[in-house]
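Structure record follows, encoded as structure tokens.
We did not get these values from a lab; they are worked out from the coordinates using the rules stated. What you are looking at is a predicted structure, and each value in this text was computed from that prediction instead of being measured. Here the Cβ positions follow ideal geometry from the backbone for every residue, glycine too, while neighbour counts run over all protein chains shown.
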Amino acid sequence: MERLDKFLCDSGAGTRSQVKQLLKAGRVTVDGKTEKDPGRKIDPAVNAVLLDGSAMGGYARRVVMMNKPMGYVTATEDTKEKTVMELLPEQMRHWDLKPIGRLDKQTEGLLLFTNDGALMQTMTHPSHQVDKVYEVTVAGDPAGAAERLAAVTALEDGTPIVPAQVAEMWQRGGQAMLQVTIHQGKNRQIRRMCAQIGLQVIRLRRISEDALRLGDLESGTWRYLTDAEISALKGSERI
């Protein structure tokens with residue numbers, strides 16, 4: 001924890017006396033509320049501090065990982081559906097967080113959020129070929145499902161895709177679990193690939209993205225990435 005006036009000075013807002021004038025004028029907000037007390041204690045890793053509406057200091061970069069549950073759309077707002085933003089604390093609404101990529105409403109698993117535009121570009125631009133790994137439970141004829149799915153090179157509308165890497169995790173009865181690795185992320189790509197070979201997706205869950213692993217993060221919960229994890233995502237100075 002540190003004093004608000006010191007944090008603002010360290011963030012380049014001005015000298016101590018100038019910062020006190022900014023506070024007195026009501027130009028500083030903490031978590032969306034005007035704050036005039038220079039001695040207010042804040043945690044830069046938690047509190048959103050804005051000067052004239054612009055983020056200051058330690059607030060500049062946030063990266064959050066969520067285990068997205070089914071039933072939520074990946075959007076910052078939606079008038080008809082529940083969004084993933086509703087699973088984050090209210091204070092984060094002031095941080096300009098945006099989802100990195102998207103998972104459809106019925107897909108679960110690892111979803112990242114950031115206000116770092118460079119990281120967003122690195123993780124989503126096709127040229128960076130960021131691997132995303134999914135666990136897919138399917139129903140239908142499981143015989144040779146992994147090989148058949150890996151052989152799909154175009155979607156049903158003719159859109160070409162890079163073949164996925166597919167491994168069979170288990171098979172019993174009329175179901176199987178496959179581990180599928182892709183890096184393109186076309187709209188509903190895995191579901192469409194499965195449909196093409198006669199498989200129905202029962203459950204689809206993303207378990208890793210680039211260097212990150214979902215691990216034991218519980219469904220519907222989130223955590224901050226560590227500096228080491230963020231550096232690993234950047235992948236040898238990709239940004």
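Some notes on this structure:
- Ranking VAL73, ALA13, THR107 by Cα position along the charge dipole of the chain, where only Lys, Arg, Asp and Glu carry charges on their C-beta atoms, puts ALA13 farthest toward the positive end.
- Point-charge dipole on Cβ atoms (K/R +1, D/E -1) for the chain, about Cα centre, debye to 20: 500 debye
- When the Cα atoms of the range 1-67 are aligned to their principal axes, the ranges along those axes come out at 44, 20, 18 Å in descending order.
- Phi-derived couplings, Karplus 6.51 cos²θ - 1.76 cosθ + 1.60 at θ = phi - 60°, listed residue by residue for the range 63-71: 9, 10, 10, 10, 9, 5, x, 5, x Hz, with x used for Gly and Pro.
- Percent of Cα pairs exceeding the 17 Å cut-off, where the set is the range 110-239: 61 percent
- If only the Cβ of Lys and Arg carry +1 and only the Cβ of Asp and Glu carry -1, the dipole of the range 157-234 around its Cα centre is close to 320 debye.
- R0 of 41 Å, Cβ-Cβ distance SER231-MET70: FRET efficiency to nearest 0.05: 0.85
- Between GLN184, ALA232, VAL166, the Cα set farthest toward the positive side of the dipole of the chain (charges on each charged residue's Cβ, about the Cα centre) is that of ALA232.
- Long-range lysine pairs (8 or more apart or interchain), the chain, Cα under 17 Å: 21
- Selection from LEU155, THR137, MET123, by position along the positive dipole direction of the range 123-195 (Cβ): MET123
- Here the Kirkwood formula, the inverse mean of 1/r across different C-alpha pairs, assigns the range 65-175 a hydrodynamic radius of 16.6 Å.
- For the range 176-222 versus the range 1-69, the gap between their alpha-carbon centres in whole angstrom: 38 Å
- For VAL63, distant residues with modelled amide H under 5 Å away: LEU225
- For the chain, the Kirkwood estimate of hydrodynamic radius, built from reciprocal distances between every pair of different alpha carbons, is 20.1 Å.
- Shown here is the pair-distance distribution of the range 82-139: with all Cα-Cα distances grouped in 5 Å bins from zero up to the longest one, the shares run 4, 14, 24, 21, 19, 11, 5, 2, 0 percent.
- Net charge in the neighbourhood of ARG192 (other residues with Cβ under 10 Å of its Cβ; Lys, Arg +1, Asp, Glu -1) is +1.
- Karplus-derived 3J(HN,Hα), 6.51/-1.76/1.60, for each residue of the range 122-136, Hz, glycine and proline x: 4, 7, 10, 6, x, 5, 8, 6, 6, 6, 10, 10, 10, 9, 10
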